[in-house]
Amino acid sequence: MDLGFIAKILHSKLEGIQKSTQRFQKKIFTSNCIRLALCLIGRAQSRRTIQITTSGRSGYLRKCLRKALHTEASPAGGDDCCERCGNKVEKKLMEQWFFRITAYAGKLLANLSTLKWSEKVKVAQRNWIGQSVGVNFKEKVKDLDIEIEVFDTVPQTFLAQTFTVIAPEHPLVEQLVSGTEYEKLVMEFVEKIRKKRLANVKMDHEIEGIFTGRYIDNPFGTGDLPIWIASFVVADYGTGIVNCSAHDQRDFAFAKKYNIPLRFSMLPPDLKKAVQVRNFELCYHHAPEGIMQTPKEIHGMRWSDARDAIISYIEQKGYGKRAIHYHLRDWTISRQRYWGAPIPMVYCETCKWVAVPEKDLPVLLPDIADYKPRDDGVGPLAKHKEFYETICPTCGAPARRETDVCDTFLDSSWYHLRYPSVASKTANVKAFDEEITKKWLPVTMYTGGAEHSVLHLMYARFIAMALHDMGYISFEEPYTNFFAHGLVIKDGAKMSKSKGNVVNPDEYIKKYGADALRMYLMFMGPYSEGGDFRDTGMEGMYRFLGRVWRLVMESANMKSVDNDAVIHRELQRAIQRATDDLPKAGFMEFVNAATDAKKPLGTEDAKDFVKLFAPFAPHVAEELWFRLCGEKMEGYVSVHKQPWSMYDKSLLVDSSIQFVVQVNGKIRETLTVTPEQGKDQKVIEELVKKSERLKKYLTTRPQKIIFISGKLINFVV
Ligand SMILES: [Zn+2]
Ligand SMILES: [Zn+2]
């Protein structure tokens, strides 16, 4: 698949963004960029950093970069070393292309309730989107013509705010200190923190800060708030600026460290503790039972009840507005690799970024030998002039193609649209045919791994929504049902090469045969949960296949055997379960019953059973079928070409009854037996002898046995 189609539909949107690219770049850290017109693609200094290895061992590099993609996409961030080869990885700031998935955060979240998906996947998506509801405060910087927005998720205690912190990499920092006596020290501090972040130094525990010399202009009538730069604020969450108060542990510690005055707006009901809070000896925060002190309009209200009242109060006063923020980040589609659809953009000195015109799409990958990723963080295409040298589609001047390629998640985010249309008459002109799409999509049932919960499944939903809004498809959600299958683990732990607990199927196939492995995997656990691969379980399945082999071969060797009525009925149940309720296929039960019968399986029953067994153990079944059919190649038809066994419904009715066993008139056991068994006193007595539970009651020879056919047996001892 190529990017041509996506590029085509984005074309018109792109023209809008080109003009605002400069703006976009500058404002990337402010929340204003989120409110730019709904443009799906934009180029910016990467807000995330990509990891590249410092080693030149290119043989490993490809893997390292693969790893880098994963860590880049995960919120946890990467380690200092590559998981696969141990090389050090470094962070590098790069310009990359983004899809504005954040514009759909609200819809991605809201639509989840309409989907019939595995709950764990929905939960993962909700967490990934990470909605938080709060207040956006609008504030002014004193003596400067700068207005800022501050997002607050816990606005209850906003009147306790006494200072403001801003992220070191926030673009506003320069404006705040430019030309002031603070400039030199502040910029040195910013550089120090930047270096620490690039070097992956964890700064969660040591908080560092510096005063900018600036103030927020008296936002709530309680005085100006000094603006500090703090190491714990990140630019790309919220607005990158946070108001701080005594009712937050980190703010409290920061204020104590730098002697910033504090104020309280809530007190604990406990009077002794209240004194400590008044004296700022301890940080009182997020306490449901806390009693609000300010503003006077909600004085006396509990903290846990105050949220809505406070937000209304803030809106009434005009301090700010109710707002929703998301943790979801824009989607970096740039990859510095070879395998991927080239991003169809061209850079011209005069026109800046220009989209490749529709008639020139798709941009094809050149056929090159040095396709391996490089260790300088630049894509392989950047070495190929014949690829990147081009002319500007707008002014005709020499220009340069983008040499990054698209994230392959972009391909997988719409493949379900392409697949049904690959054979259509318009397949070479259109990405997907409208009629075919209308007939087959959205996808009714999608089965996959839960590891796709937050990347593939989120991207596919986003692309569908965007295409829907552009009028290309009639639905917003690509997959009505998603079923997350389980994971096979080994000896209780997830398989990993480094731990060495990996199951190599070849070894097991060599030792036990493919059928045993296949059946073991199929029946080791529920489909949604997977199971624990244990060698003992594998051996158990191998032994079971041995029993099946002996059972059927006994019959095959005797050429022709009549069906046994009881076993025949058991077989109907096995067929019924395999037909209607596959996960509970009753092979074990049937083989147990047939073995216990101590007589050969009827020839026809044996054939029906082997047909039933064939999809699960194809090789063993074929061998058995061949023997059951007289071992003649002439006219032989494979078991895999036989119709599925049908069961006789009439034999399933009352196929089991509860047979009561009494000892001296007291019920001691209830046996589940077939109606035939229930009529046969000898069979029942045999079953009683085998029962562990009845042993202690029947230690002596019974004086009398009362047998009521189909109902009960009473032993008088
Ligand atoms: Zn590596
Ligand atoms: Zn141009």
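The values are calculated or read from the model by the stated rules, or taken from the named source; none is laboratory data. Keep in mind the model is a prediction, meaning the values are calculated, not measured. Positions of Cβ are generated from backbone atoms using ideal geometry, with glycine treated the same way; all protein chains shown enter the neighbour counts. Quick note on the areas: whole protein, heavy atoms, side chains included, nothing else; ligands and nucleic acids left out. Shrake-Rupley method; radii C 1.70, N 1.55, O 1.52, S 1.80 Å.
Taking the conditions (1) farther than 21 Å from Ile575 by Cα; (2) open to solvent by less than 90 Å² (accessible area, probe 1.4 Å) in turn, Glu686 satisfies each one other than (2). From the list Gln316, Gln249, Gln276, the lone residue that is of a type outside the set (Lys, Arg) and touching a residue at least 24 places away in the same chain (Cβ under 8 Å) is Gln249. Within the stretch 650-664, being in contact (Cβ under 8 Å) with a residue 40 or more places away in the chain and open to solvent by 60 Å² or more (accessible area, probe 1.4 Å) holds for one residue alone: Asn664. Whenever a residue of the stretch 622-633 is farther than 14 Å from Ser555 by Cα, its partners that are open to solvent by less than 50 Å² (accessible area, probe 1.4 Å), lying with C-beta atoms within less than 8 angstrom and at least six residues away or across chains, give the pairs Glu622/Ala614; Glu622/Ser638; Glu622/Val639. Scanning the stretch 454-468 for residues that are part of a helix (DSSP H, G or I) and in contact (Cβ under 8 Å) with a residue 12 or more places away in the chain returns His456, Leu457, Met458, Tyr459, Ala460, Arg461, Phe462, Ile463, Ala464, Met465, Ala466, Leu467.
Might you let me know whether the stretch 303-317 holds any residue that is within 42 Å of the chain's Cα centre (by Cα), open to solvent by 70 Å² or more (accessible area, probe 1.4 Å) and on the phi > 0 side of the Ramachandran plot? The answer is no, given that none of the residues of the stretch 303-317 is within 42 Å of the chain's Cα centre (by Cα), open to solvent by 70 Å² or more (accessible area, probe 1.4 Å) and on the phi > 0 side of the Ramachandran plot.
Only a single criterion out of (1) assigned by TED's automatic domain parsing to the domain that holds Pro393; (2) of a type in the set (A, V, I, L, M, F, W, C); (3) in contact with a strand residue (DSSP E or B) (Cβ under 6 Å, 6 or more places away or on another chain) is not satisfied by Cys351, namely (3).
Regarding Glu451, is this residue under 30 Å from Thr536 (Cα atoms), exposed (fewer than 13 other Cβ atoms within 10 Å of the Cβ) and outside the structural domain of Asp407 (by TED's automatic domain parsing)? Yes.
When the residues of the stretch 346-367 are filtered to those that are of a type in the set (Asp, Glu) and more than 9 Å from ligand 2 (Cβ to nearest atom), the one that is most open to solvent (accessible area, probe 1.4 Å) is Asp367. The single residue among Ser498, Ser474, Ser413 that is hydroxyl-bearing (Ser, Thr, Tyr) and modelled with pLDDT under 90 turns out to be Ser498. Note on the stretch 511-535: residues that are modelled with pLDDT of 90 or more and either of a type in the set (S, T, N, Q) or farther than 28 Å from Gly449 by Cα (or both) total 1.
Out of Asn428, Asn481, one residue alone is touching a residue at least 40 places away in the same chain (Cβ under 8 Å), of a type outside the set (Phe, Trp, Tyr) and exposed (fewer than 15 other Cβ atoms within 10 Å of the Cβ). It is Asn481. Screening Pro380 on (1) within 16 Å of ligand 2 (Cβ to nearest atom); (2) over 30 Å from Gly240 (Cβ atoms) shows it passes everything except condition (1). Among the residues of the stretch 601-625, those identified as touching a Ser or Thr at 6+ places or on another chain (Cβ under 9 Å) and surrounded by fewer than 21 Cβ atoms within 10 Å (Cβ to Cβ) are Thr603, Lys611, Glu622. What number of residues in the stretch 548-585 are crowded, with 19+ Cβ neighbours inside 10 Å and within 35 Å of the chain's Cα centre (by Cα)? Total satisfying the criteria: 3. Among residues of the stretch 682-697 that are closer than 15 Å to Lys711 by Cα, those with a Cβ under 6 angstrom from a residue that is assigned to a helix (DSSP H, G or I), sequence gap 6+ or separate chain, pair up as Val683/Gln677; Val688/Leu694. Apart from one condition, Asn501 fits all of (1) assigned to a loop (DSSP other than H, G, I, E, B); (2) free of Cβ contacts under 8 Å to residues at least 24 places away in the same chain; (3) open to solvent by 30 Å² or more (accessible area, probe 1.4 Å); the exception is (3).
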